[in-house]
Structure formats: C-alpha cells, structure tokens
Amino acid sequence: MKLPNYVSGRWSEGRGAGELLADPVTGDELASISSQGIDLEAALQFARAHGGPALRQLTYIQRAELLGKIADVLAANRDEYFRLSLLNLGATQADASFDVDGAIYTMKYYSKIGRALAEGKMLKEGAPVPLSKSHAFVGQHFLMPTKGAAVFINAFNFPAWGFCEKAAPALLTGVPIVVKPASPTAWLAHRMVEDIVKADILPPGAISIICGSARDLLGHLREEDIVSFTGSADTAARIRSHATVLGCSVRVNIEADSINAAILGPDCTSGTDLFDLLVKEVVREMTLKAGQKCTTIRRVLVPRHQLKAFGDAVTARLSAMKVGNPRNPEVKVGPVVNKAQQSSCLEGLAKLKEECEVLFGGDKNFQPIDADPQNSAFVQPALLSCKNGLDAKYVHDVEVFGPVATLVAYDGLEDVIAITRRGLGSLVASVFSDDANFTRDTVLGIGDLHGRVLVVDSTVGNQHTGHGNVVPSCVHGGPGRAGGGEELAGLRALLLYHRRFVVQGPANCIRQLLALCVDTAPLYS
Ligand code: NAP
C-alpha cells in the first residue's frame with residue numbers, strides 16, 4: 001500500500017518505490033510513502049490562493065467551530081489511531097493515548113477557547129496612540145492573520161499530537177496548513193488528515209499533507225509563509241539556514257531536542273513522599289513511549305548522599321517492568337521506532353557509559369518479551385549514575401532518545417544551578433522539594449534557560465500535571481538548544497500566525513478598522 005499525498009485539493013501518489021514504513025516489533029513492512037513527482041510549489045500556491053482566503057472569510061468563532069468538528073471526527077476514529085500507533089510505532093495503550101488523546105484534547109481545547117475571539121477578523125492590540133495635538137492623527141497596533149501558508153515539519157515521535165497542536169492555532173487564525181510528518185511514522189498523521197478531508201470540514205486548500213521527503217518544499221516558501229518545525233537540532237539548523245528562509249525572512253518556529261533535568265531537593269530524603277513521587281516520575285518518564293518524548297527527564301539531579309538510595313529505588317521499579325511486544329498485556333515498555341533509532345540510542349548510551357556507572361539495564365543483548373531481537377527495535381531501559389556532573393560532557397550533551405536517564409550527584413544550590421544550566425537551554429526542568437527557599441533560588445537560577453519549570457511540593461503531591469506532559473494552556477518550547485521556539489500557551493499560540501503592524505492615520509480610518517477587530521486580551525487571560 002502506498003499512501004498518497006493530499007495537495008492542491010486532491011490525492012496524488014508519489015513516484016517510485018518510496019520509503020517503507022515498518023512495524024518496530026515484527027519488522028513487517030506496512031506501507032510506503034513518496035513525495036517524488038509532487039509539485040510542491042503548486043501545493044503551497046494552492047493553499048495560499050484557495051485555502052487561506054476561504055478560511056479568512058470566516059470569523060474566529062466560525063473557525064473555532066470547525067476545530068470542534070475536526071475534534072469530533074478524530075474522536076470517532078480513535079480506535080483506528082490506536083491500531084496504527086501499535087503497528088507503526090509499537091505503542092502500548094498508554095503510549096498511544098499520550099499521543100492520540102493528547103491530540104484530540106488539544107483540538108477540543110482550541111475549539112473551546114477560540115470562541116473567546118468571537119466575530120472578529122483581526123486583532124487590535126492596545127488603545128490608539130495620539131500622534132498629533134488634536135488627536136486627528138493616531139496610531140493603532142493590529143495583529144493580522146498572515147496570508148501565507150503554515151508548513152509543519154514534524155518529528156516521528158508524536159505523529160498525532162504534533163500535527164494537532166500546530167494545526168489548531170493555525171486554522172483558528174485562518175492560515176492554511178501543509179503537514180509534512182516524519183517519514184518513519186507518517187501513517188497516523190496521514191490517516192487523521194484523510195478522515196478530516198473525507199468529513200469535508202475544511203475548504204479546499206486549507207489542509208494538505210506531504211508524505212516522504214520535504215524535497216524542494218522550503219525553496220518555494222514566501223515572505224508571508226510560516227514554518228513550524230519539530231525535530232532534531234541538526235535538522236533545525238539546516239532549516240534555519242536555508243537560503244529561501246533567510247532570503248525571504250520566513251518566520252520559523254523551532255522545537256528541538258533537550259536534555260531536561262529533574263531536581264530532588266536537599267530536604268527530600270529516602271522515605272519522604274516527595275522522594276517517592278520523583279522516583280515514580282523518573283520511571284514513568286523513562287518508560288512512557290519508551291522515553292521518546294522531547295520533554296523526557298534525561299538527567300536527575302540528586303543530593304550526593306541520596307544517590308545510592310535513589311538509584312536503588314528507580315532500579316527496583318524499572319526491573320519490575322516488562323519490556324517487549326505491546327500486544328502482550330503484561331508489557332509496559334514498547335520498542336523505539338525503528339532500527340536506526342535503536343542504533344542511535346545504543347551509540348548514545350555507549351558515550352554515556354564512558355563517564356557514568358551503569359546502575360541498571362542498557363544491555364544490547366537483552367531479550368524482549370514476544371519479539372525477535374533481530375527484527376525488532378527494542379532498547380532495554382537503562383539507568384546511569386554520574387558522580388562528577390560538572391566535569392561530565394556527554395551527560396549534558398547527548399540526547400539518548402529512548403528509555404535512558406542519568407542520575408547526577410550535586411553538593412549544593414550552586415551545583416544544582418550550574419549542572420542544570422549545562423543543558424544549554426531546555427524545554428522543562430522539575431524541582432521536587434518542600435524547601436521553599438531552595439525552590440525559589442533554583443527557579444531564579446534556571447528560569448531563563450527553560451521554557452517550563454515544574455515545581456512539586458507536599459501541598460501539590462500527585463496533583464501535578466507531569467514533568468513530560470505538555471498542557472495546551474501553558475507554553476511549550478525552550479531557549480538555546482531546545483530551539484528557541486514557543487508553542488501553545490492558550491491563545492498566545494495564535495501570535496505565530498499573525499503579523500503585528502501599526503496604522504498611523506486619521507482617527508476615522510482607525511475607527512473603521514477597529515470595527516473589524518477583537519481585542520487581544522483573551523490571548524493573555
Ligand atoms: P529529524 O530527523 O530532525 O526530523 C524531523 C523532521 O524534519 C522530519 O519530518 C524529517 O523528514 C524532516 N527533515 C529532515 N531533513 C529535512 C530537511 N533538510 N528539510 C526539511 N525537512 C527535513 O527528527 P526526528 O528524528 O523525526 O525526531 C526526533 C527529535 O525530535 C528528537 O531529537 C526530539 O528531541 C525532537 N523532538 C522535539 C520536540 C519538541 O517539541 N521540542 C518534540 C518531539 C521531538 P523525514 O522524516 O522525511 O526525514
């Protein structure tokens with residue numbers, strides 16, 4: 001089966017044999033994809049010329065209603081998405097839920113909060129600024145939906161959520177979307193787009209999907225287009241420095257990789273609730289989606305005298321978790337997505353082992369349950385320990401995109417801040433502590449290099465939303481190595497797809513424009 005592309009309002013199969021999509025548990029070939037021979041320039045132009053104007057004929061509230069219909073269609077096909085997640089990603093039920101239910105929830109969420117923007121066509125920002133003594137000449141800032149297309153280049157690990165968390169704010173703004181899922185796991189995003197197209201919810205050109213290589217897509221971008229990228233830092237650098245992206249100042253949002261940290265406060269000794277809570281969180285983070293989340297905890301900063309106790313507690317839980325074929329109901333940890341990722345994880349692990357002690361797992365010859373190690377792509381969960389974090393290199397630099405975490409000993413607040421900052425910009429860090437001064441000083445020491453800081457104390461306990469969970473009401477993204485991008489954060493996400501401009505002119509002209517606008521206040525509420 002070859003999955004066709006949906007561009008210029010029709011389904012078209014790419015030329016050639018294409019790339020194969022495989023089951024990471026059995027190695028079976030599932031489908032192929034190809035973008036060869038597809039006119040990507042025409043695809044973008046069709047989106048700009050047809051999808052954009054049709055979407056922008058509608059008001060924000062009408063587009064919010066479209067998102068609601070999309071969410072309903074996706075919810076109705078949820079079982080099929082779980083099936084494809086199992087086949088193409090080796091996802092357990094929990095893994096599939098994280099991606100698929102997260103996608104549906106995000107779409108619903110934007111449908112709901114988008115209604116706050118009511119009948120407007122664009123947004124007004126602030127009040128008119130007097131520019132003359134008589135107030136006849138004034139300035140007014142506006143945010144206008146861009147007339148270009150939004151190109152989404154996504155990572156393999158979240159084919160459903162990665163598509164929806166980008167699609168919802170773009171469509172709500174009135175910008176047509178061109179989705180380019182990562183090749184190895186394109187099937188699920190493809191199926192979601194197919195369901196949305198079949199349901200005839202969006203006008204022609206509002207949604208397109210390209211399966212396979214991005215080929216010359218970036219070369220056809222224009223000034224009014226947006227690129228929203230999620231993936232590795234290496235690919236991000238190539239996209240950022242693409243000649244057309246630079247030449248046309250194309251707006252680019254980058255969500256890249258991240259060596260996220262979780263910090264156990266000095267007060268959380270073995271036996272305390274917060275100690276146990278962080279142990280559970282580390283194990284959940286390592287094993288959910290086999291550690292293939294950009295937000296997963298990679299480094300756990302632990303007071304030096306707690307290192308052994310913490311390592312023992314994590315090891316005890318990890319060793320009780322069955323790793324193997326998710327079709328077996330006892331299995332809790334599935335494979336990584338393919339053989340290439342398995343090799344990449346084992347290479348990264350080998351580097352970490354050069355400067356860390358192995359506390360558990362990481363055996364490349366281990367036997368997964370109900371799967372042939374030759375054909376499958378499993379990585380045994382591995383816990384490492386690093387006693388000299390400030391001198392370590394790989395611990396802060398190598399993202400093993402699998403079920404691997406490293407405990408790093410620290411000796412005081414200064415150490416905590418210095419070690420955490422060695423991630424050089426992260427999506428998230430967590431602080432588990434009842435010592436309010438320690439927490440405050442840690443947040444002050446690391447906040448500027450993190451998109452999100454999760455703080456858990458005894459008043460919060462297990463009510464926290466999770467280190468690795470991205471909630472659509474809060475910002476997702478991070479500075480530096482994490483890419484410097486920002487997504488979600490409620491209606492703030494719409495800022496990426498709007499352009500700010502000011503009109504300096506007669507008060508009457510401004511009044512006419514203001515009649516078409518809604519206020520930006522809901523963006524910041
Ligand atoms: P990747 O290899 O960088 O690929 C990401 C996407 O870029 C894929 O769709 C890929 O297409 C495309 N691509 C590759 N080269 C390109 C080029 N020259 N021009 C245009 N597009 C190009 O990343 P991945 O292996 O799929 O994902 C894993 C990484 O993503 C991890 O490092 C993880 O931390 C990161 N990630 C970050 C976030 C976040 O929100 N910050 C979320 C999830 C994952 P093909 O597949 O067709 O090559």
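The values are calculated or read from the model by the stated rules, or taken from the named source; none is laboratory data. These numbers were taken from a predicted model, which means no experiment stands behind them. For neighbour counting, all protein chains shown are included, and Cβ atoms are generated from backbone atoms with ideal geometry for every residue, glycine included. Surface accessibility is based on the protein's heavy atoms, side chains included, excluding ligands, DNA and RNA. Shrake-Rupley method; radii C 1.70, N 1.55, O 1.52, S 1.80 Å.
Please give me, ordered by residue number, the trypsin sites (Lys or Arg not before Pro) of segment 93-140 that lie in loop per DSSP and have at most 12 other Cβ atoms within 10 Å. Write down the numbers at each step before the final one.
Values: sites: LYS108, LYS112, ARG115, LYS121, LYS124, LYS133; in loops: LYS121, LYS133.
Those that pass, being in a loop and sparsely packed, are LYS133.
How large a share of the accessible area of segment 371-432, in percent, is made up of carbon and sulfur atoms when the probe is 1.4 Å and the other protein chains stay in place?
After summing per-atom areas, the C and S share lands at 47 percent.
Report Rg/Rh for the chain, rounded to two decimals, where Rg is the Cα radius of gyration and Rh the Kirkwood radius.
0.99
What order do TRP11, TRP161 take when sorted by accessible area (1.4 Å probe), most exposed first?
Sorted descending by solvent-accessible area, the residues read TRP11, TRP161.
Could you report the chain's accessible area per residue, 1.4 Å probe, as an integer in Å²?
38
For labels at ALA243 and ASP397 in the simple 7 Å Cα→Cβ model, what's the distance in nm?
So the label points at ALA243 and ASP397 sit 3.2 nm apart.
Using only the Cα atoms, work out Rg/Rh for segment 363-417, with Rh taken as the Kirkwood radius, to two decimals.
Value, to two decimals: 1.14.
Could you check how much of the accessible area of segment 84-179 is carbon and sulfur, as a whole percent, using a 1.4 Å probe?
Reported share for carbon and sulfur atoms: 66 percent.
Find the centroid of the Cα atoms in segment 441-457 and in segment 277-315, then give the distance between the two in whole Å.
18
Past 19 Å, Cα to Cα: identify those pairs from LYS198/LYS289; LYS69/LYS166; LYS351/LYS393; LYS147/LYS198; LYS69/LYS147, in the order given.
Those over the limit are LYS198/LYS289; LYS147/LYS198; LYS69/LYS147.
By how many nm would the segment from ALA42 to ALA320 grow when fully extended, if each residue of separation counts as 0.36 nm and the alpha-carbon distance is taken off? The partial results should precede the final answer.
Working: separation 278, 0.36 × 278 = 100.08 nm, distance 5.37 nm.
94.7 nm is the gain from fully extending ALA42 to ALA320.
Once you have all Cα-Cα distances for segment 11-71, histogram them in 5 Å bins from zero and send the whole-percent values.
4, 14, 13, 12, 12, 14, 13, 11, 5, 1
Please name whichever of GLY480, ALA127, LEU413 sits farthest to the positive end of the charge dipole of the chain, dipole taken about the Cα centre and charges placed at Cβ: Lys and Arg +1, Asp and Glu -1.
The listed residue farthest towards the positive side: ALA127.
If you average the alpha carbon positions of segment 151-189 and of segment 486-525, how far apart do those two centres end up, in angstrom?
25
Using only the heavy atoms of the protein chains and a 1.4 Å probe, how would SER111, SER249, SER343 rank by accessible area, largest first?
The residues order as SER249, SER343, SER111, largest area first.
Would you compute, from DSSP H runs of 4+ residues alone, the mean residue ellipticity of the chain at 222 nm, taking -39500 (n - 2.57) per run and dividing by the full residue count, rounded to the nearest 500?
Helix contribution divided over all residues of the chain: -10500 deg cm²/dmol.
List the aspartates and glutamates whose alpha-carbon lies under 18 Å from that of LYS121, not counting same-chain residues fewer than 8 positions away?
Leaving aside aspartates and glutamates fewer than 8 places away in the same chain, those within reach of LYS121 are GLU65, GLU224, ASP519.
Taking 0.36 nm per intervening residue step and subtracting the Cα-Cα distance, what contour gain separates ALA76 from LEU30 on full extension?
14.2 nm
Can you give me the % of accessible surface on segment 305-355 that is carbon or sulfur? Probe 1.4 Å, all protein chains present, nothing else counted.
On the way: 1280 of 2500 Å².
That share works out to 51 percent.
Taking θ = phi - 60°, what integer Hz values does the Karplus form 6.51 cos²θ - 1.76 cosθ + 1.60 yield along segment 119-127, in sequence order, with x for Gly and Pro?
Coupling constants for segment 119-127: 8, x, 10, 8, 10, 9, 10, x, 9 Hz.
Could you pull out every one of the lysines with an alpha carbon less than 20 Å from that of LYS308, ignoring same-chain neighbours closer than 8 positions?
Straight-distance partners of LYS308: LYS280, LYS353, LYS387.
Please compute the length gained on full extension between ALA436 and ARG284, using 0.36 nm multiplied by the number of residues separating them and subtracting their Cα-Cα distance.
52.2 nm
Which value, to two decimals, describes the C-alpha radius of gyration of segment 349-502 once divided by 2.2 N^0.38 Å?
Here the answer is 1.25, to two decimals.
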